[in-house]
Each structure stands twice: as C-alpha cells, then as structure tokens.
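Quick notes on the structure that follows.
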Amino acid sequence: MEKELFDYVAERAGILATADTSKQETKDAAAAWKDAVAADSSDAAVEAATTKLLDFLEGRPTTIDGVIAFAQGPAKEMMGEEVAAKMLEAQLARKGAGAKYCNCPSCAAASELLAKFGRIEL
C-alpha cells in the first residue's frame, strides 16, 4: 500500500479508535488494525488488516435518513427538544445538499474509508 493511502487509513483508524461517537466494537476493530500493521508492516499484512477493517465497517455508518429519524424521535428525549430540533434542521439541510451519511466523527471516518476503497459512494 502506498504511503499516502496508508496514512489516510491510519488517520481514520485513529479517529475510529478514539472518538466518543464510536461504539466499543468499532474502537476494537480500529485498534486491531493499528496493532496488526504495527506487528507486520509488509504490504500483504497491511492489505489484509485493511480489508478486515473495511469488512467490519461495511453497513455501519449511519445513513442521513437514520440520523433524521433519530433527531425526530429518540434525540428529543435524550438531548431535549431544542437540541433535537437544531439537529433535525442541520441534517435536513445536509440531506438537501446531497449528504448520504451521518457526519459525526465516527461515521465520517468510516464512510470516508469505505468510499476511498470503492465500497460506498459519498
């Protein structure tokens, strides 16, 4: 894997491993990628670890429609009416501008990785 692409994956794996918005299993998958490439930085090992991470991430970024549904429902109780309304307004505007996925740090990093490897379209 070229250094530029490796650095791209490493940066996003770092986000996934540490973001408050990442679920524990996502943090674990990103940490496993980092551990695997630290233990063996050969092209084959890096490719295998990257494929494993991408396989894990597939289907995980929340769609924009999922974020909108969250803002219309559970967010009201969890964050309050005012915050949920602002979230809904922002996400509807993002959808209107063509966004397909959530823009939280975890979903952004995951969707960027998946798009970079041709597994989804942004």
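With respect to the numbered conditions (1) more than 17 Å from LEU114 (Cβ to Cβ); (2) out of contact with any Phe, Trp or Tyr (no Cβ under 9 Å at 6 or more places or on another chain); (3) assigned to a helix (DSSP H, G or I), which one is the sole condition not fulfilled by ASP20?
For ASP20, the failing item is (3).
Please work out which one of (1) crowded, with 17+ Cβ neighbours inside 10 Å; (2) touching a residue at least 24 places away in the same chain (Cβ under 8 Å); (3) part of a helix (DSSP H, G or I) is the condition TYR8 fails and give its number.
The failed condition is (1).
Just one of (1) touching a helix residue (DSSP H, G or I) at 6+ places or on another chain (Cβ under 6 Å); (2) assigned to a loop (DSSP other than H, G, I, E, B) trips up ALA49, so point out which.
With respect to (1) touching a helix residue (DSSP H, G or I) at 6+ places or on another chain (Cβ under 6 Å); (2) assigned to a loop (DSSP other than H, G, I, E, B), ALA49 is out only on (2).
A short reminder: the numbers here are calculations on the coordinates, not readings from a lab. A quick note: this is a predicted structure, and the numbers were derived from the prediction, not measured. Don't worry about glycine lacking a Cβ; one is built from the backbone with ideal geometry, like all the others, and counts go over all protein chains shown.
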